[in-house]
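Structure record follows, encoded as C-alpha cells.
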Amino acid sequence: MNKLTINNIILPFLLLGIFFIPFNSWSGIGFLGEYYRDSCFLFFSFAFVLSLFKRKIEIPLNNLIFQFLILFILWALLATILNANNISEYYFKQTSGIGRFVNQFGSLIIAAIIIPLTFYNGFKKININKVFRLIRRAILASLIIAFIYSVIEILIVKMNMLYLKKPLLNLFDYFPFTEAKTDMRLQRISSVTFEPPALGTYLLSIAGWMFSYILTEKKLLKYFPTLIVLFLGFMSGSRAAFFAIIIQFIVAVLFFVKHKNSTNNIYKIVLGASVISILILGYFNKPIIEYINKEINSFKLDDSTHSLSNKSRFGIQQAMFRVFKENPISGTGYGLQAFESRKKYPSWAKRNNWEFRLKYLNQNDKRFPPGYNMYLRILSETGLVGLLFFGLILLQIFLWCYNNLKSENAIIAFIILISMIGFSLNWFKMDSFRIYFFWLCLALIWVIEQKTENG
C-alpha cells in the first residue's frame with residue numbers, strides 16, 4: 001500500500017471523526033477509559049494506525065508551540081518523579097497513585113501527541129484551503145443533525161409535547177453512537193451529547209468555524225450556522241458555555257466590522273438586532289429581567305436549582321488551590337491532585353451535599369472527582385512551572401493568530417482565535433485535555449507553518 005493510497009484513506013476517517021465529535025450520548029466502550037464515550041476517538045485511532053503504515057510519522061519539531069507542548073509533558077513527568085515518595089503511598093477509590101498516574105499520563109499522550117500528530121500527518125499533503133472547507137462542511141453537517149435533534153427535544157422538554165418522543169426523537173436511537181433521552185426534571189437539553197455542558201463545550205468549540213461562513217459566503221444562508229450556535233447555546237442551559245459563546249460572538253462581530261466585505265452587512269445586522277432587542281425588551285422587560293436575575297443568582301451557593309453543583313464546583317476548586325499552596329513548584333504529580341484534595345474539601349461544600357457523599361468521597365465509586373478548572377488542576381498537579389509552560393502554549397497560539405489575521409490564512413487564523421477564546425474560558429469550568437477541536441487547531445497551525453517554510 002503506497003503513501004498516496006494511505007493518505008486517501010486517512011482523510012475520510014479524520015473527517016468522519018470530526019463529524020462524530022458531538023455524538024457521545026451512547027453507553028460507550030468501557031476499556032477505553034475516559035475516552036469510552038468519544039465515538040470520534042474510534043475514527044481518529046484508526047487513522048493513526050493507518051498512518052503507521054507510512055513508516056514515517058512527520059513531527060513539527062521546529063514549531064515553537066510544539067516545543068512548549070513537549071516541555072509541558074516532560075515537566076508533568078518530572079513533577080511526578082519528584083513526588084515519587086508520596087505517590088507510592090497514595091490509594092483512593094480502589095486506585096493506587098502509580099495506577100492513576102499511568103492512566104492520566106497515557107491519556108495526556110493520546111490527547112496532546114497522538115491525536116494532533118494524526119491530524120498533522122493527515123492534512124499536511126493537502127491544500128490548506130481544501131482542508132479548511134472539508135473540515136467546515138463536516139462540522140456543519142453534524143451541527144445540522146444536532147440542531148434537528150435539539151428542536152424535537154425542546155418541543156418535548158420545554159413545550160411538554162411528550163407525544164413526539166416515541167415517533168420522532170427515538171428514531172435517533174438508530175443513529176450511530178446516539179441514545180435518545182430527555183431531561184424532564186431539569187428541562188435542559190443536551191442534543192446528541194451526553195449532557196448539557198458537553199453540548200455547550202461542543203458549541204463553543206465550533207463557533208469560530210460557523211461564524212466564518214459570514215466571511216466566506218454571499219448568500220443569506222451564511223448567517224444560519226451562527227444563529228444555530230447562538231440558539232443552541234442559549235437553550236442548552238449551560239451558563240458558562242453560553243457566556244463564552246457570547247464573548248466569542250462579540251469578538252467575531254468586531255472582526256467582521258473591520259472586514260471590508262462584511263461591514264455593510266454587519267451594520268444591517270447590528271441595526272436590525274438593536275431594533276428587535278428594543279421592541280422585545282419593551283414588551284417582555286419583566287420576564288427578561290427575572291430571567292437575568294435567575295441566571296445571576298444561579299451562581300450563588302444558596303440557589304435552589306444549582307446550589308449543590310455550585311458547592312461541589314467551588315469546594316473542589318478551593319481544595320485544589322490549597323493543594324497548590326502546599327506544593328507550589330512541582331505540585332502533586334500529574335493526575336494526582338485528588339489524592340490530596342480529598343483531605344481539603346471545605347466543610348461548607350460537603351454539608352448536605354450528596355455529590356460528595358455518594359460520588360466524590362465514595363470509595364465504592366471508582367470515578368475520580370473532576371477538577372472543574374484546568375488552570376487550578378495544572379497548578380495543583382504540576383505547580384507554577386507547569387502552568388508557565390501551559391501558559392506559553394496558549395500565548396504562542398494567540399500570537400500566531402494575531403500575526404496571521406491579515407495574511408492569506410486570515411480565515412483560519414480567525415477561526416482559531418475565536419476557538420481559543422472559547423477554550424480558554426471553558427477551562428475555567430472544566431479540567432479535561434480531551435478537547436478535540438483544540439488539538440485540531442494546533443495541527444492546522446503546524447500544517448500552515450510547514451507549508452510556509454517549504455514555500
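Using all alpha carbons of the range 316-422, what is the percent of pairwise distances in each 10 Å bin, ordered from the shortest bin to the longest?
15, 32, 24, 18, 9, 2
Given axes a ≥ b ≥ c from the Cα gyration tensor, I'd like to know whether the range 30-126 is rounded (a/c under 1.5), prolate (a/b larger than b/c) or oblate.
oblate
In debye, nearest 20, what is the charge dipole magnitude of the range 53-176 about its Cα centre with +1 on Lys and Arg Cβ and -1 on Asp and Glu Cβ, if you could check?
With only Lys, Arg, Asp and Glu charged at Cβ, the dipole is about 620 debye.
So what is the relative contact order for the range 319-455, in percent, with contacts set as C-alpha pairs under 8 Å and at least six apart?
Relative contact order here is 27 percent.
Mind listing P(r) for the chain? All alpha-carbon pairs, 10 Å bins, whole percents.
4, 18, 29, 28, 16, 4, 0
When a/c is below 1.5 the answer is rounded, else prolate if a/b is larger than b/c, else oblate, so apply that to the range 322-373 with a ≥ b ≥ c taken from the square roots of the Cα gyration tensor eigenvalues.
oblate
Please list, in chain and number order, the residues 5+ apart from ARG188 or on another chain whose amide H is under 5 Å from its amide H, with Hs placed from the backbone.
Amide H neighbours of ARG188: ASP183.
Note down the relative contact order for the chain as a percent, whole number, built from C-alpha pairs under 8 angstrom at least six residues apart.
Relative contact order, the chain: 21 percent.
Tell me, what is the per residue accessible area of the range 178-220 in Å², probe radius 1.4 Å?
Spelled out: the 1.4 Å probe surface of the range 178-220, per residue, equals 39 Å².
Assigning unit charges at the beta carbon (Lys, Arg +1; Asp, Glu -1) and nothing else, what dipole magnitude in debye, to the nearest 20, does the range 146-206 show about its Cα centre?
200 debye
Rounded to whole Å and ordered largest first, report the semi-axes of the equivalent ellipsoid of the range 59-107 derived from its Cα gyration tensor (root of 5λ).
Equivalent ellipsoid of the range 59-107: 28, 12, 6 Å, largest first.
First check a/c for the range 1-78, with a ≥ b ≥ c the square roots of the eigenvalues of its C-alpha gyration tensor; if it is under 1.5, answer rounded, and if not, answer prolate when a/b is larger than b/c or oblate otherwise.
Oblate is the answer for the range 1-78, as a/c is 1.5 or above yet b/c matches or exceeds a/b.
Per-residue HN-Hα couplings for the range 434-445, Karplus 6.51 cos²θ - 1.76 cosθ + 1.60 at θ = phi - 60°, whole Hz, x for Gly and Pro?
7, 10, 4, 5, 5, 6, 5, 4, 4, 4, 5, 4
If Rh is defined by the Kirkwood formula over all Cα pairs and Rg also comes from Cα, what ratio Rg/Rh do you get for the range 193-255?
Taking Rh as the inverse mean 1/r over Cα pairs, Rg/Rh reads 0.98.
Given Cα pairs under 8 Å that are at least 6 residues apart, what percent is the relative contact order of the range 1-107?
20 percent
When the accessible area of the chain is computed with all protein chains present and a 1.4 Å probe, what percentage of it is carbon and sulfur?
64 percent
Over the range 2-98, average the accessible area per residue using a 1.4 Å probe and give it in Å², no decimals.
Averaged over the residues of the range 2-98, the accessible area is 51 Å².
If you count only protein heavy atoms and use a 1.4 Å probe, how large is the accessible surface of ASP173, to the nearest 10 Å²?
The value for ASP173 is about 80 Å².
Can you flag which of LYS325/LYS366; LYS258/LYS451; LYS93/LYS325; LYS130/LYS181; LYS165/LYS311; LYS219/LYS258 are past 31 Å Cα-Cα?
Correct reply: LYS130/LYS181; LYS165/LYS311.
The values are calculated or read from the model by the stated rules, or taken from the named source; none is laboratory data. In this text, all values refer to a predicted model and were calculated from it rather than measured experimentally. Note: ideal-geometry Cβ built from the backbone for every residue, glycine included; neighbour counts use all protein chains shown. Surface accessibility is based on the protein's heavy atoms, side chains included, excluding ligands, DNA and RNA. Shrake-Rupley method; radii C 1.70, N 1.55, O 1.52, S 1.80 Å.
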